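Structure record follows, encoded as structure tokens.
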Amino acid sequence: MPKAAVLDPQGNAVRDAMRHLGMPEVRRVRIGKYMEIDVDGKNGDLEARLHGLCHDLLSNPVIEDYELQRLEAEDSTFANPRSHSAPAGQPATARQRGVGSRKQKGRGA
Amino acid sequence: MAAINGIGGLSAEYVWHKQTSLHSFDAIVLPGGFAYGDYLRCGAIARFSPIMKAVISDAREGKLVLGTCNGFQVLCEAGLLPGALVRNRSLRFVCDMVTTRVEVDDSPFTRDCPKGTLLRLPIAHGEGCFFVDTKTLRNLNANQQVIMRYADRRGRIVPEANPNGSIENIAGICNRERNVFGLMPHPDRASDPRLGSADGAKIFRSMMQAISTTRATVVPEHVKQVA
């Protein structure tokens, strides 16, 4: 998610549209990114390495905060072909052991 | 590259992003473009190209590094310059000719254009809104790291002259050591009067002068361009 101090013109445009569509109660909209990352294994340092990449690659700490969350495979779009087709040939175990990454403001990971 | 090669005494070569050394060059230019389709964030993936290790180590050793447009974004992502470039405030891709005002006297990139000089340069970007936190902004101003601001044609720094919502109309900054310079405008697309402006050539000439004066003897310069 963009940090609070970073202008989010996209969020503002969506906020205005929501107000226009009959919801004047909307005070603020912030738009970030949501990524799902399907990984193999459950090694002890896996989560720490993922945090490293969240910091170095997946988010830019100058303008964004991120949060890393572990999700059950059935909650992941990887496992739900209706909303998103799973990659062909992906071993079932990989999907069962998915780790999701969610960026969210203010929660810190 | 044509912009640099068109200036007497300079010659540029492309360097493939998978190469790992820039030793034979006097300066490095990271040009504009949309490396890796701007996926994830502008410059976020390009920043990990193999050649970037050489860019970072050469920059740390004091070599001149110029980043224009996408090159500026890559330099920020790589941590060679503070801050970040985010979505234009207007949410529109802006393709226009702008006026920038040179804010410092002593940068190796603007020796040929003293403080207050107005440069007409083109811009073409969707994510050119420069952002830094307030503490970093204070340091940038205190250390004279803001090289250029967007100005109107009379040289006034006013909101109407700001094409993308950049904080304090900042168009280009350098690092504390003053050897790395990034800007959203394209000096490379304004280095010949036939392109509508030759002001951009002043940046490359300044770099050439800076390199020449740091040497005992003047030899032909080789300016490297990372594609």
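Quick look at the values:
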| quantity | calculated |
| --- | --- |
| Distance in nm between pseudo-label sites at residue B:118 and residue A:47 (7 Å out along the Cβ direction from Cα) | 5.9 nm |
| Residue-normalised accessible area of the range B:20-151, given per residue in Å² at a 1.4 Å probe | 40 Å² |
| For the protein assembly as shown, alpha-carbon Rg and Dmax in angstrom | 22.2, 72 |
| Carbon plus sulfur fraction of accessible area for the protein assembly as shown, probe 1.4 Å, in percent | 52 percent |
| Cβ neighbours within 10 Å from other chains - mean over B:37-48 | 2 |
| Listed pairs A:42/B:53; B:135/B:202; B:18/B:53 exceeding 20 Å between Cα atoms | A:42/B:53; B:135/B:202 |
| Förster-model FRET efficiency, 25 Å R0, residue B:214 and residue A:56, C-beta, rounded to 0.05 | 0.15 |
| Residue mean of other protein chain beta carbons inside 10 Å, A:56-69 | 4 |
| Reduction of at least 30 Å² in accessible surface, 1.4 Å probe, comparing all protein chains with the chain by itself, residues of the range B:58-106 | B:84, B:86, B:87, B:89, B:91 |
| Antiparallel DSSP beta bridges within chain B, percent to nearest 5 | 55 percent |
| List of the range A:1-20 residues, accessible area with partners at least 10 Å² below that of the chain alone (1.4 Å probe) | A:5, A:6, A:7, A:9, A:10, A:13 |
| Bridge type composition, the protein assembly as shown - antiparallel percent by DSSP, nearest 5 | 65 percent |
| Relative packing of peptides A:58-70, A:15-27, B:167-179, B:132-144 - highest average C-beta neighbours within 10 Å first | B:167-179, A:58-70, B:132-144, A:15-27 |
| Size of the B/A contact, given as accessible area buried on both chains, probe 1.4 Å, in Å² | 1300 Å² |
| Protection proxy ranking of B:42-53, B:182-193, B:6-17 - average other beta-carbon atoms within 10 Å, highest first | B:182-193, B:42-53, B:6-17 |
| Residues whose placed amide H lies under 5 Å from that of residue B:165, excluding near-sequence neighbours | B:89 |
| Test item: Cα-centred dipole of the protein assembly as shown, Lys/Arg +1 and Asp/Glu -1 on Cβ, debye | 600 debye |
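The values are calculated or read from the model by the stated rules, or taken from the named source; none is laboratory data. Given the structure is predicted, the values throughout are model-derived calculations rather than measurements. Using ideal geometry, Cβ is built from the backbone for each residue, glycine included, and neighbour counts are taken over all protein chains shown. Side chains are part of the model used for accessible areas, which takes the heavy atoms of the whole protein and leaves out ligands, DNA and RNA. Shrake-Rupley method; radii C 1.70, N 1.55, O 1.52, S 1.80 Å.
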